[in-house]
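Pasting a structure here, questions to come.
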Amino acid sequence: MAEVSAHAREAAVAIEATDATLGAVVRGVRLAAMTDDEWNAIHAAFLDRGVLVFPGQFLTDAEQMDFGRRFGELMIESQPFSNERADGSLRGREDPVMQLFRGNESWHTDSSFQPVSAKASILSARKVPATGGETEWADMRAAYEALDDGTRERIASLCAHHSLYYSQQRIGAAGDVTAKGLAELHGTARPGSAAGEDDGGASMPGYRQEQVVPLRPLVKVHPETGRPALYIGRHAHDIPGLSEEESRLLLEELVEFGCQPPRVYGHHWQVGDVVIWDNRRVLHRARPWPPSEARAMHHTRVAGDPATETALNVH
């Protein structure tokens, strides 16, 4: 690993880049009590590396939300993502919530299926299994840069629709199963969550069968760095101007190409770890873990700027 960011040196924050084209491990800072210099270093590293890992933070829900608000308005404040129920029992494989988690084992970017997609996501580890349950991220900026000129030219003006119901159906989860899983998952949100605690999440755009399926370019220019990246993943489908089969093949080829070393970083969670990533630049996926073990993560999601993250067909 190598040190990155002049801001980090000034703030005495230790930021070490991973061996991949994205990701850095950040030490020497307490996220719940950052100075302005430390925040500037972290923000610069976030834009540079796309994924930041903060070991041993042990944030409370309120502290995690405060950290998220540094990056913008929250669309999800504090959401448990766990296979463990409140009574301590574990959900089975066919449980609707577990069907959502299984879908998240495919490469995706958060909220691309909503009218305004996410800017950043934060996960903190509360319980981790002895084996499995890692999270991986793939660098779509580096993937775009590695494409040959012909592919770049081919996709320059292409767009794709994004749908959670589409991606869940591809793994065998029918629409009613997805709706039930979402209602249960978001119905367990803690008080103050933006995930629709009064109606099981049904009021959240994109968390019910979509009325308008968002249309987004395959190539996204990052609004802060100005650098292009592939904007694809499991929710993307049906490229206008291509057949269903042509769309599927192209999107699968792009994901397969993009999500290869050295463009992939994987994190083995320890309790207390916090990770934030830039949805405008990376894909991510969860890895499976033994169904007999609990995995409990808490999720905070930062809304994208409507000026740059609103779907093309949403007015």
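Is it the case, given these coordinates, that SER82 is modelled with pLDDT of 95 or more and either over 14 Å from the mean Cα position of the chain (by Cα) or basic (Lys, Arg) (or both)?
It is true that SER82 is modelled with pLDDT of 95 or more and either over 14 Å from the mean Cα position of the chain (by Cα) or basic (Lys, Arg) (or both).
Restricting to segment 274-288, name every residue that is crowded, with 22+ Cβ neighbours inside 10 Å, part of a loop (DSSP other than H, G, I, E, B) and charged (D, E, K, R).
ARG280, ARG281
If a residue must be open to solvent by less than 80 Å² (accessible area, probe 1.4 Å), of a type outside the set (A, V, I, L, M, F, W, C) and within 19 Å of the chain's Cα centre (by Cα), how many such residues does segment 229-261 contain?
The total comes to 8.
Another question, then. Among the residues in segment 127-138, are any crowded, with 17+ Cβ neighbours inside 10 Å and within 16 Å of GLY181 (Cα to Cα)?
The answer is no; no qualifying residue exists.
Moving on. Just to check your reading of the model, which residue among GLN209, GLN270 is under 30 Å from GLY187 (Cβ atoms) and modelled with pLDDT under 95?
GLN209
While we're on this one: Is there any pair linking a residue in segment 45-74 that is within 13 Å of LEU123 (Cα to Cα) and modelled with pLDDT of 95 or more to one that is open to solvent by 30 Å² or more (accessible area, probe 1.4 Å) and part of a helix (DSSP H, G or I), with Cβ under 8 Å and at least six apart or on different chains, and which?
Filtered contacts from segment 45-74: GLN57/ALA32; LEU59/ALA32; THR60/ALA32; GLU63/ALA32; PHE67/ALA32.
Which one of these does GLY226 not meet: (1) closer than 13 Å to TRP137 by Cβ; (2) open to solvent by 40 Å² or more (accessible area, probe 1.4 Å)?
Here GLY226 clears every test but (1).
Of the conditions (1) of a type outside the set (Gly, Ala, Ser); (2) within 18 Å of GLY72 (Cβ to Cβ); (3) at pLDDT below 95, HIS7 satisfies every one except a single condition; which number is it?
Unmet condition: (2).
Here's another thing I want to ask about it. I'm trying to understand the selection: among the residues of segment 296-305, which are touching a Pro at 6+ places or on another chain (Cβ under 9 Å) and either open to solvent by 20 Å² or more (accessible area, probe 1.4 Å) or β-branched (Val, Ile, Thr) (or both)?
Hit for segment 296-305 is ASP305, nothing else.
Please enumerate the residues belonging to segment 139-166 that are of a type outside the set (D, E, K, R), under 17 Å from GLY258 (Cβ atoms) and either modelled with pLDDT under 95 or open to solvent by 10 Å² or more (accessible area, probe 1.4 Å) (or both). Give the derivation first.
So the first thing to find is which residues in segment 139-166 are of a type outside the set (D, E, K, R), and the list is 140, 142-144, 146-147, 150-151, 155-166.
Subset that is under 17 Å from GLY258 (Cβ atoms): 140, 142-144, 146-147, 150-151, 155-156, 158, 160, 162.
Across segment 139-166, the qualifying residues are ALA142, TYR144, ALA146, LEU147, GLY150, THR151, ALA156, LEU158.
Residues to consider are GLU105, GLU73, GLU84, GLU94; find the one that is among the acidic types (Asp, Glu), touching a Lys or Arg at 6+ places or on another chain (Cβ under 8 Å) and over 28 Å from GLY258 (Cα atoms). First the steps, then the outcome.
Values: GLU105 fails: over 28 Å from GLY258 (Cα atoms); GLU73 fails: touching a Lys or Arg at 6+ places or on another chain (Cβ under 8 Å); GLU94 fails: touching a Lys or Arg at 6+ places or on another chain (Cβ under 8 Å).
None of the other options fit; the residue is GLU84.
The values are calculated or read from the model by the stated rules, or taken from the named source; none is laboratory data. Remember, it's a predicted structure, so these values are computed and weren't measured experimentally. Please note: Cβ atoms are built from the backbone with ideal geometry, for glycine as well, and neighbour counts cover all protein chains shown. When the accessible area is computed, the model is the full protein with side chains, heavy atoms only, and any ligands, DNA or RNA have been set aside. Shrake-Rupley method; radii C 1.70, N 1.55, O 1.52, S 1.80 Å.
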